[in-house]
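Undergrad: Handing you this structure, nothing more for now.
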Amino acid sequence: MKRLRSTAVLALFAAVLAFVPLGAQNAVKRPIELDDILAIRALGATSLSANGTWLGYRLSPPQGDSEVILRATSGDKEMKFAVGEGAGGALSFSADSAWAAMAMSPTRREAQANTRARRPNQTSVTIVNLASGEKSTVQKNRRFAFSGERGGWLAMHRYGPEAAGGAGA
């Protein structure tokens, strides 16, 4: 009876050792460093096309310029776009899933230069043909929206004219 108990305990001990990864036994934890913090990217502004063939999302660092990624849900087609800092990256697909549009903000460096020069930081809209990858950018747009089921049309809300001396909008 005592021998059976010793064998069972030994078998249990061997099983525990077998399932504990060797790396976990010797893992050395290191503190988080500045490079680790700067490499962090947050996921935001996600959108799925109406037919489910495209996924779009924004990746943003804690501070700095963001990027929008358009990825086909089947296959390996992927397109990346630098969309600047701040409000950049608002994303929408047309109802027929043939087009994508995204808001583009000035980069961090451009925004700081505009602020120093007392110029407005204005967004633009980039329109992408998803079949060919062709893109077109329309400057000075506040917002945009595709027109429902008529996917080839895009409504844009433009900025007003600049005030005298360049201090407008």
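Undergrad: Go through (1) under 22 Å from ARG158 (Cα atoms); (2) over 19 Å from the mean Cα position of the chain (by Cα); (3) in a loop (DSSP other than H, G, I, E, B) for PHE146 and report which single condition fails.
TA: It fails just one condition, (3).
Undergrad: Would you check if ALA111 is surrounded by 16 or more Cβ atoms within 10 Å (Cβ to Cβ) and either within 30 Å of ASP36 (Cα to Cα) or of a type in the set (Val, Ile, Thr) (or both)?
TA: Judged against the criteria, ALA111 is a match.
Undergrad: Just one of (1) closer than 18 Å to VAL138 by Cβ; (2) more than 19 Å from the chain's Cα centre (by Cα); (3) of a type outside the set (S, T, N, Q) trips up PHE81, so point out which.
TA: (2)
Undergrad: With segment 22-105 as the region, which strands (runs of 3 or more DSSP E) entirely inside it contain at least 1 residues that are over 17 Å from GLY133 (Cβ atoms) and open to solvent by less than 30 Å² (accessible area, probe 1.4 Å)?
TA: 42-48, 54-60, 66-72, 78-84, 99-104
Undergrad: Let me ask you something else. Scan segment 28-71 residue by residue and report those that are farther than 23 Å from ILE127 by Cα, charged (D, E, K, R) and within 13 Å of the chain's Cα centre (by Cα).
TA: Result: ARG41, single match.
Undergrad: Now for a different question. Can you name the residue in segment 151-169 that is in a strand (DSSP E or B) and at pLDDT 85 or above and is also farthest from ALA100 (Cα to Cα) among such residues? Talk me through it step by step, then tell me what you get.
TA: In the first step, residues of segment 151-169 are kept if they are in a strand (DSSP E or B); the result is 151-158.
From what's left, at pLDDT 85 or above: 153-158.
Working: TRP153: 11, LEU154: 10, ALA155: 13, MET156: 14, HIS157: 17, ARG158: 18 Å.
Selected residue: ARG158.
Undergrad: Further question on the same structure: Select from segment 116-142 the residues that are assigned to a strand (DSSP E or B) and either basic (Lys, Arg) or in contact (Cβ under 8 Å) with a residue 12 or more places away in the chain (or both) and list them in ascending order.
TA: Scanning segment 116-142 gives SER124, VAL125, THR126, ILE127, VAL128, ASN129, LYS135, THR137, VAL138, ASN141, ARG142.
The values are calculated or read from the model by the stated rules, or taken from the named source; none is laboratory data. Since the model is a prediction, treat every value here as computed from it, not as a measurement. Cβ sites come from the backbone with ideal geometry, for glycine too, and all protein chains shown count toward neighbours. Only protein heavy atoms, including side chains, enter the accessible area calculation; ligands, DNA and RNA are left aside. Shrake-Rupley method; radii C 1.70, N 1.55, O 1.52, S 1.80 Å.
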